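Notes for the one structure printed next.
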There are 2 protein chains.
Amino acid sequence: MAQAPASEWVAIAPEDLLVMELSADRDGKSRRVVIQLMPPPFSQGWIDNIRELAAAHWWDGTSVNRVQDNYVVQWGDASEQKPLPGGLVTVPEDEYASHGDVPDWQRFDDILVPKGTFGNEGYTAFNNGWPLAAKGGPDWAYKWPVHCYGMVGVGRYLSPDTGTGAELYTVIGQAPRHLDRNIALVGRVIEGMEHLSSLPRGTGDLGFYEDPAQRVPIVSARLATDLPQAAQPKFQYLSTEGATFARYAEARANRRDPFFNVPAGGAEICNIPVPVRKVTEN
Amino acid sequence: MAQAPASEWVAIAPEDLLVMELSADRDGKSRRVVIQLMPPPFSQGWIDNIRELAAAHWWDGTSVNRVQDNYVVQWGDASEQKPLPGGLVTVPEDEYASHGDVPDWQRFDDILVPKGTFGNEGYTAFNNGWPLAAKGGPDWAYKWPVHCYGMVGVGRYLSPDTGTGAELYTVIGQAPRHLDRNIALVGRVIEGMEHLSSLPRGTGDLGFYEDPAQRVPIVSARLATDLPQAAQPKFQYLSTEGATFARYAEARANRRDPFFNVPAGGAEICNIPVPVRKVTEN
């Protein structure tokens, strides 16, 4: 990966970066979490809402309220009373998946499992830097993002409510694929995941903190475009359409370093996280 | 599950319970982790070693030394100098899998994915309370335990070293299935997983703690049989051969509560954790 040509590293646009500052930890260390928002054609209604919420500084003063082991960390307004900014849209349920085709669909048939056997799911594949799944056959154009570790989704009440984007969660365990197509995925954590995954587990139902004092305050959440130019973090992801990613995926499926005796002969899509790196320019 | 007949809950023998006490946390709360060891025909050489190590109080004064996000927490002797007790056996690599057949193999063909498509893996299945995988075809008798969240394995150096059982780890992220058949799995965490999964991530290579002060002391690790009778914890698992487990597995693959719109139509074996409950007798 260190030898990948620069052309295979794709810059992430600053309007796709949500920078969330949690309160300092008990040792006084700062805790920054950076989320990359998904590109079209996925979940853009919720993502527009998220940009509105960030512009309104809506998350400032809210908190992380739920940490359920091997499942999710969730944040937002614990009081459920904080007024939302105007201009948010209500997104229909059928936007959980795309309905237009996706170019450059990278199926990696020799590597990715399962295929053609997961209920209505035909294949998983990478596209444009993201883990996706698709129906097979006549529903080929119907595609959706996958609930891998670190992916960020939109909390909601019962169907047909789809959530606004104000209540967000990230996956901290085995991929909960049963949430695919039942919840909007809007992005993934690309920095500071450990500040969420290592939080104390909540002891209430579903891992909610029982004592409000356990909640972790969110100091601020801003799009990178709303930060001073010098403070904007810069990230790149490894193109999933390039030769380096193909070699990386194959190496994940068949480990060949001296530690391993038996190559697995395949990998699930969530065992092949898309490489992301921080760019520090002088 | 609350309606399962008592006959479907299987008592876990006290000689299969390893009770590990970590030092109290920063708030003075005790941290107990209970591990269930695997039954035959899996990994019994390492498990015999683990029983010897516990009897010798070998882990007392060792520590948790490595926490790698979305991968493993590892504990043992950070100095790598502590003498091992006599009587430990060297277990050959081919014991990573069983070579005798396993009765009551529960394939759940309508539920479990992938099947027949994961390299040399033919099927996953439950047996005797554990998640397993098998080759298909003529190698049918060749079966092995699966690296799900919370499973406990034996750290080792490079092949053909197989580790003694003194260095242990548990999975805290997406199932690292590439470790199957490359490492001995010996059990799973059945209580106190949160005391391991929520530890601060290490910042050294592979998630090792760089500052020895970050290590989490292990006060003691004992087989339940070596605890006073009144202090022995009692656990049961839900039989994977019973009708209740079959219904539970189907419900995990096809969620039908009002939250869900689209049932997944299948589940990976690590998304169907075997239910374990603590028994409190008066």
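The values are calculated or read from the model by the stated rules, or taken from the named source; none is laboratory data. Source: prediction; values computed, not measured. Glycine gets a Cβ as well: all are built from the backbone with ideal geometry, and neighbour counts include every protein chain shown. Calculation scope for accessible area: heavy atoms of the full protein, side chains included, ligands and nucleic acids excluded. Shrake-Rupley method; radii C 1.70, N 1.55, O 1.52, S 1.80 Å.
Among the residues of segment B:53-87, which ones are farther than 22 Å from B:Tyr149 by Cβ, touching a Leu at 6+ places or on another chain (Cβ under 8 Å) and crowded, with 19+ Cβ neighbours inside 10 Å?
Residues of segment B:53-87 farther than 22 Å from B:Tyr149 by Cβ: B:53-63, B:77-87.
Next, from what is left, pick out any that are touching a Leu at 6+ places or on another chain (Cβ under 8 Å): B:53-55, B:58-59, B:84-85.
Of everything in segment B:53-87, those that are farther than 22 Å from B:Tyr149 by Cβ, touching a Leu at 6+ places or on another chain (Cβ under 8 Å) and crowded, with 19+ Cβ neighbours inside 10 Å turn out to be B:Leu53, B:Ala54, B:Trp58, B:Trp59.
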- Single residue of segment B:157-168 satisfying the filter (open to solvent by 10 Å² or more (accessible area, probe 1.4 Å) and either acidic (Asp, Glu) or not in a loop (DSSP other than H, G, I, E, B) (or both)) that is nearest to A:Leu112 (Cα to Cα): B:Asp161
- Query: How many residues, within segment A:19-43, are touching a residue at least 12 places away in the same chain (Cβ under 8 Å) and either more than 30 Å from B:Met193 (Cα to Cα) or surrounded by 22 or more Cβ atoms within 10 Å (Cβ to Cβ) (or both)?
  - Reply: 12
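Please determine whether any residue of segment B:202-209 is buried (at least 19 other Cβ atoms within 10 Å of the Cβ) and under 24 Å from A:Gln174 (Cβ atoms).
Initially, segment B:202-209 is screened for residues buried (at least 19 other Cβ atoms within 10 Å of the Cβ), giving B:202, B:207, B:209.
Those left that are additionally under 24 Å from A:Gln174 (Cβ atoms): B:202, B:207.
Yes, segment B:202-209 contains at least one residue that is buried (at least 19 other Cβ atoms within 10 Å of the Cβ) and under 24 Å from A:Gln174 (Cβ atoms).
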- Selection within segment B:210-221 - small (Gly, Ala, Ser) and open to solvent by 80 Å² or more (accessible area, probe 1.4 Å): B:Ala213
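For residues that are open to solvent by 10 Å² or more (accessible area, probe 1.4 Å) and touching a strand residue (DSSP E or B) at 6+ places or on another chain (Cβ under 9 Å), tally how many sit in segment A:132-143. Give the derivation first.
The first filter runs over segment A:132-143 and keeps only residues open to solvent by 10 Å² or more (accessible area, probe 1.4 Å), leaving A:135-142.
Restricting the remaining residues to those that are touching a strand residue (DSSP E or B) at 6+ places or on another chain (Cβ under 9 Å) gives A:135-136, A:140-142.
Count: 5.
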- Query: What is the number of the single condition among (1) touching a strand residue (DSSP E or B) at 6+ places or on another chain (Cβ under 8 Å); (2) within 23 Å of A:Val73 (Cα to Cα); (3) not in a helix (DSSP H, G or I) that B:Thr203 does not meet?
  - Reply: (1)
- Can you tell me which residue within segment A:227-250, out of those that are open to solvent by 50 Å² or more (accessible area, probe 1.4 Å) and either part of a helix (DSSP H, G or I) or in contact (Cβ under 8 Å) with a residue 24 or more places away in the chain (or both), is nearest to the other protein chains (Cβ to nearest Cβ)? A:Glu250
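Report whether or not B:Ala224 is farther than 30 Å from B:Ala55 by Cα, touching a residue at least 60 places away in the same chain (Cβ under 8 Å) and not β-branched (Val, Ile, Thr). Reasoning before the result, please.
On the way: farther than 30 Å from B:Ala55 by Cα: no; touching a residue at least 60 places away in the same chain (Cβ under 8 Å): yes; not β-branched (Val, Ile, Thr): yes.
In short, no.
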- Criterion violated by A:Asn261 - all others in (1) assigned to a strand (DSSP E or B); (2) within 14 Å of chain B (Cβ to nearest Cβ) satisfied: (1)
- Message: Looking only at segment B:264-282, filter to residues that are of a type in the set (A, V, I, L, M), over 15 Å from B:Leu132 (Cα atoms) and more than 8 Å from every other protein chain (Cβ to nearest Cβ); which one of those is surrounded by the most Cβ atoms within 10 Å (Cβ to Cβ)?
- Response: B:Val276
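If only one of A:Gly129, A:Gly136 is without any contact (Cβ under 8 Å) to a residue 24 or more places away in the chain and more than 22 Å from A:Arg222 (Cα to Cα), which one is it?
Numbers: A:Gly129 fails: without any contact (Cβ under 8 Å) to a residue 24 or more places away in the chain.
After applying the criteria, what remains is A:Gly136.
With the structure loaded, tell me whether B:Ser7 is polar (S, T, N, Q), surrounded by fewer than 13 Cβ atoms within 10 Å (Cβ to Cβ), more than 14 Å from every other protein chain (Cβ to nearest Cβ) and under 28 Å from B:Glu241 (Cβ atoms) or whether it fails that test.
yes
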- Item | Failed item in (1) at positive phi; (2) more than 14 Å from chain A (Cβ to nearest Cβ), with B:Val19 passing the rest | (1)
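Given A:Val152, A:Val171, A:Val186, A:Val146, which one is facing another protein chain (nearest Cβ under 10 Å), within 25 Å of A:Ala13 (Cβ to Cβ) and open to solvent by less than 10 Å² (accessible area, probe 1.4 Å)? Walk me through it before giving the result.
Numbers: A:Val152 fails: facing another protein chain (nearest Cβ under 10 Å); A:Val186 fails: facing another protein chain (nearest Cβ under 10 Å); A:Val146 fails: facing another protein chain (nearest Cβ under 10 Å).
So the residue among A:Val152, A:Val171, A:Val186, A:Val146 that is facing another protein chain (nearest Cβ under 10 Å), within 25 Å of A:Ala13 (Cβ to Cβ) and open to solvent by less than 10 Å² (accessible area, probe 1.4 Å) is A:Val171.
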- Message: Quick check on segment A:163-172. Is at least one of its residues under 21 Å from B:Arg255 (Cβ atoms) and modelled with pLDDT under 95?
- Response: no
- Return the residue satisfying two criteria in turn: it lies in segment B:189-204 and is of a type in the set (Val, Ile, Thr) and within 12 Å of chain A (Cβ to nearest Cβ), and of such residues it is nearest to B:Ala56 (Cα to Cα). B:Val189
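In segment A:174-200, which residues are in a loop (DSSP other than H, G, I, E, B) and of a type outside the set (A, V, I, L, M, F, W, C)? Walk me through it before giving the result.
As a first pass, look at segment A:174-200 and keep what is in a loop (DSSP other than H, G, I, E, B): A:174-176, A:180-184, A:192, A:198-200.
Of everything in segment A:174-200, those that are in a loop (DSSP other than H, G, I, E, B) and of a type outside the set (A, V, I, L, M, F, W, C) turn out to be A:Gln174, A:Pro176, A:Asp180, A:Arg181, A:Asn182, A:Gly192, A:Ser198, A:Pro200.
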- Query: Is it true that B:Pro92 is free of Cβ contacts under 8 Å to residues at least 24 places away in the same chain and either surrounded by 23 or more Cβ atoms within 10 Å (Cβ to Cβ) or not aromatic (Phe, Trp, Tyr) (or both)?
  - Reply: no
- Item | Residues (farther than 23 Å from B:Thr124 by Cα and among the acidic types (Asp, Glu)) located in segment A:249-277 | A:Asp257
